[in-house]
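The values are calculated or read from the model by the stated rules, or taken from the named source; none is laboratory data. Just so you know, these numbers come straight off a predicted model, no measurement behind them. Heads up, the Cβs are rebuilt from the backbone with ideal geometry, glycines too, and the neighbour counts pull from every protein chain shown.
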Amino acid sequence: MERALLKRLAINEETGSHLIDDYALALKLLNPELTDGITKAEFDKHQSFIRHRNDVPVLVTAIKARPDWLVTANTEHFSPEVAARTGLRIVAPSEFLRICGIIKTT
């Protein structure tokens, strides 16, 4: 998310600055939840779902938390296939911002 906002800031300083302020407010209002760590059994069970071992804890945490969206710039690893296997809605930050109407498609 932060990378997408910084790109917007680079494109247009005023708009990017407003988006960063809005994002900070959204984080405050959304009140993100803290989740428990994953177990070795959960890691082992889901390791085949995603290509890289380092991504397994993130994936398992998302599966357990059932977020409305999993927003990641790592859409190569968190691919449509991973989304289909897990039932998660996985999107890149820029796509999420477009879906939310923050960035307009030109």
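List the residue pairs whose Cβ atoms are under 8 Å apart, where the first residue sits in the stretch 22-36 and is farther than 13 Å from ARG66 by Cα, the second is surrounded by 11 or more Cβ atoms within 10 Å (Cβ to Cβ) and at pLDDT 90 or above, and the two are 6 or more positions apart or on different chains.
Taking only residues 6 or more apart or on different chains, the pairs are ASP36/LYS64.
Any residue in the stretch 41-53 that is under 13 Å from ILE63 (Cβ atoms) and part of a loop (DSSP other than H, G, I, E, B) sitting within a Cβ distance under 8 Å of a residue that is at pLDDT 95 or above and of a type outside the set (Val, Ile, Thr)? List the pairs, counting only those 6 or more apart or interchain.
Short answer, once both residue conditions are applied: ILE50/LEU59; ILE50/HIS77; ILE50/PHE78.
Among (1) assigned to a loop (DSSP other than H, G, I, E, B); (2) of a type in the set (Gly, Ala, Ser); (3) at pLDDT 95 or above, there is one condition ALA84 misses while meeting the rest; what is its number?
(1)
Given the structure, is ASP22 in a loop (DSSP other than H, G, I, E, B) and at pLDDT below 95?
When the stated conditions are applied, ASP22 does not pass them.
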